[in-house]
Every structure is written in C-alpha cells, then in structure tokens.
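Q: Mind looking over this structure? Questions follow.
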C-alpha cells in the first residue's frame with residue numbers, strides 16, 4: 001500500500017503520542033521533501049523533528065513534476081507541502097493521502113484522490129486492533145490538549161464510532 005502524508009496528520013499524531021500507529025497500519029508512509037522541511041525546519045520543535053528524522057517507516061520522496069506543484073499552489077493557495085503531497089499522490093497513484101486541512105482535502109477530493117485525516121487514522125487503528133478503546137480515548141485527549149485545529153464535533157463523532165454508538 002502506498003500512503004503519502006502531509007504535515008498536519010503527522011504533527012497531530014505526534015501530539016497524541018501515537019505516531020507509531022502509521023507503521024502498524026501502513027508499514028511505510030511517504031512524505032515529499034517540502035513536508036519533511038516543514039516538519040524538521042523549525043528549531044523550536046527539535047524533539048518532534050528528531051522523531052521524524054529517526055523514524056524508519058517515514059520515507060522522504062521527491063515529486064517528479066515541480067511545474068504541477070507550482071501550478072497547484074498558484075491555482076489553490078495551498079502551501080508547498082500540501083501541494084507536493086497532493087501531486088505526489090496523483091503521480092504515484094498512491095492508495096491513500098493523509099491530510100487534515102480543509103482546502104487541501106477539497107482539492108484532493110476534486111481530483112478523486114483517496115484521502116483520510118488524523119481522526120480517520122485513529123479510527124482505522126482502533127478498528128484494526130492496533131489500539132484499544134482506552135488508547136484511542138487517550139489519543140483523542142492528547143489531541144484536545146494540544147489545541148490542534150480539529151473540531152470537538154468531529155472528535156465526539158469519532159469517539160462515538162469507537163464506542164460503538166454509531
């Protein structure tokens with residue numbers, strides 16, 4: 001399975017202290033060079049950068065067509081990491097794109113790319129038996145405490161799924 005990720009799902013899973021879920025679900029996750037730069041370029045987040053740099057299941061890849069990336073950025077206003085993740089997913093016909101940003105998700109959906117976000121990853125991990133109900137609750141608590149831009153309504157819906165109420 002080819003899985004490509006943008007920056008925010010990785011940050012969200014790190015904040016939830018469950019980056020390891022990606023390895024359990026997908027084996028390997030590919031990130032374009034711009035996503036790697038976003039994750040590792042800020043000295044204020046050196047610990048998080050080291051988690052990415054030391055991961056043996058997160059691989060940095062190069063987008064083949066930088067002109068398409070540039071065009072997508074100009075046409076949509078997406079940042080470089082989001083644009084590279086979308087273009088790389090399309091170029092490789094990847095099985096899944098991990099992305100949380102609303103505009104990026106809309107663009108990917110309009111391009112008919114398979115997509116899920118941080119919340120979807122946690123739900124899949126629970127449904128696959130990689131994490132328990134308690135571990136899922138802890139991960140969502142970590143997301144809440146980290147002030148990620150994920151709506152409380154979406155988190156409650158995910159917890160309903162995990163608790164079998166939906």
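The values are calculated or read from the model by the stated rules, or taken from the named source; none is laboratory data. Predicted model only: the values in this text are computed from it and were never measured. Cβ placement follows ideal geometry from the backbone for every residue including glycine, while neighbour counts extend to all protein chains displayed.
Q: Of (1) part of a helix (DSSP H, G or I); (2) out of contact with any helix residue (DSSP H, G or I) (no Cβ under 8 Å at 6 or more places or on another chain), residue 112 satisfies all except one. Which?
A: (1)
Q: Residues in segment 9-27: is at least one without any contact (Cβ under 8 Å) to a residue 24 or more places away in the chain and out of contact with any strand residue (DSSP E or B) (no Cβ under 7 Å at 6 or more places or on another chain)?
A: Checked segment 9-27: at least one residue is without any contact (Cβ under 8 Å) to a residue 24 or more places away in the chain and out of contact with any strand residue (DSSP E or B) (no Cβ under 7 Å at 6 or more places or on another chain).
Q: For residue 122, indicate whether it is without any contact (Cβ under 8 Å) to a residue 24 or more places away in the chain, over 26 Å from residue 77 (Cα atoms) and surrounded by 14 or more Cβ atoms within 10 Å (Cβ to Cβ). Spell out how you get there, then give the answer.
A: Values: without any contact (Cβ under 8 Å) to a residue 24 or more places away in the chain: no; over 26 Å from residue 77 (Cα atoms): yes; surrounded by 14 or more Cβ atoms within 10 Å (Cβ to Cβ): yes.
No, not satisfied.
Q: Here is a follow-up. Can you tell me which condition residue 148 does not meet? The list is (1) over 21 Å from residue 26 (Cα atoms); (2) surrounded by fewer than 14 Cβ atoms within 10 Å (Cβ to Cβ), and all the others hold.
A: Among (1) over 21 Å from residue 26 (Cα atoms); (2) surrounded by fewer than 14 Cβ atoms within 10 Å (Cβ to Cβ), residue 148 violates only (2).
Q: Restricting attention to segment 85-98, does a residue exist that is over 30 Å from residue 163 (Cβ atoms), part of a loop (DSSP other than H, G, I, E, B) and modelled with pLDDT of 95 or more?
A: Within segment 85-98 (the criterion being over 30 Å from residue 163 (Cβ atoms), part of a loop (DSSP other than H, G, I, E, B) and modelled with pLDDT of 95 or more), the answer is yes, since at least one residue qualifies.
Q: Determine which member of the set 67, 95 is closer than 23 Å to residue 125 by Cα and not assigned by TED's automatic domain parsing to the domain that holds residue 139.
A: Exactly one residue qualifies, and that residue is 95.
Q: Do the conditions hold for residue 123, that is, is it in contact with a helix residue (DSSP H, G or I) (Cβ under 6 Å, 6 or more places away or on another chain), at negative phi, not assigned by TED's automatic domain parsing to the domain that holds residue 34 and not in a loop (DSSP other than H, G, I, E, B)?
A: Details: in contact with a helix residue (DSSP H, G or I) (Cβ under 6 Å, 6 or more places away or on another chain): yes; at negative phi: yes; not assigned by TED's automatic domain parsing to the domain that holds residue 34: yes; not in a loop (DSSP other than H, G, I, E, B): yes.
Answer is yes for this residue.
Q: Just for segment 1-16: of the residues that are in a loop (DSSP other than H, G, I, E, B) and modelled with pLDDT of 90 or more, which one is farthest from residue 79 (Cα to Cα)? Spell out how you get there, then give the answer.
A: So the first thing to find is which residues in segment 1-16 are in a loop (DSSP other than H, G, I, E, B), and the list is 1-2, 6, 16.
Adding the requirement that they be modelled with pLDDT of 90 or more leaves 1-2, 6.
Values: 1: 26, 2: 22, 6: 10 Å.
In this case the residue turns out to be 1.
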